[in-house]
Amino acid sequence: LRFHVGQILGDFISARGAAARMTLALATPSGERHEFGLLIAALLCGHYGVRFYYLGPDLPADALAEAARQLGCHGVLLGVSKDINDNHAASMASYMQELRSIMEPKSFLWIGGSSIKHVGTIGPNVELLATLQILDMKLAQHMGQKGKA
């Protein structure tokens, strides 16, 4: 399935224009290997003509923030779906705080996935997206289109 989704994403990347209204970096945090939701998010980005960089799973906060900065991203879409225990919840909160403190101040952070309830409050320009349908509507709104959800 990853292969077929990758082919579709490759078509989106090769078809996109030079100018984009929004550019996103997509990743999962350190220790998070589940990337299927993130792949679907990438498909939604491609559908709406959002320029995206799929950075993949298990990315440290400093590397993600630096990549987003170097790539000129308007924001980061982070997928969090790992089962959470107390230790992981604390490390997740620390990761989010570190990421937000390193990111460009005017950039935004969207966090989606089944474990967003464990993310906690991490400041301005951060939105928790509980479902892919909400992401669909957000992308449509930012791109001036009507959402499919």
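Amide H of S30 versus every other amide H placed in the peptide plane: which residues, excluding those fewer than 5 positions away on the same chain, fall under 5 Å?
Sorted by chain and number, the residues that satisfy this are L59, A61.
Please list 3J(HN,Hα) in residue order for the stretch 65-78, calculated via the Karplus relation 6.51 cos²θ - 1.76 cosθ + 1.60 where θ = phi - 60°; whole Hz, with x for glycine and proline.
With the stated coefficients, the stretch 65-78 comes to 4, 5, 4, 4, 5, 5, 8, x, 6, 6, x, 10, 10, 10 Hz.
Suppose accessible area is computed on protein heavy atoms with a 1.4 Å probe; arrange L128, L44 from highest to lowest. Could you put the intermediate results ahead of the total?
Details: L128 85, L44 35 Å².
Sorted descending by solvent-accessible area, the residues read L128, L44.
With every protein chain left in place, what is the accessible area of H74 in Å² (1.4 Å probe, nearest 10)?
80 Å²
At most 11 other Cβ atoms within 10 Å and a DSSP loop assignment: could you name the trypsin sites (Lys or Arg not before Pro) in the stretch 19-71 that fit? Intermediate results must be reported in sequence, preceding the final value.
Working: sites: R21, R33, R51, R69; in loops: R21, R33.
Hits after loop and neighbour filter: R33.
The values are calculated or read from the model by the stated rules, or taken from the named source; none is laboratory data. What you are looking at is a predicted structure, and each value in this text was computed from that prediction instead of being measured. Cβ coordinates were reconstructed from backbone atoms using ideal geometry, including for glycine residues, and neighbour counts include every protein chain displayed. Only protein heavy atoms, including side chains, enter the accessible area calculation; ligands, DNA and RNA are left aside. Shrake-Rupley method; radii C 1.70, N 1.55, O 1.52, S 1.80 Å.
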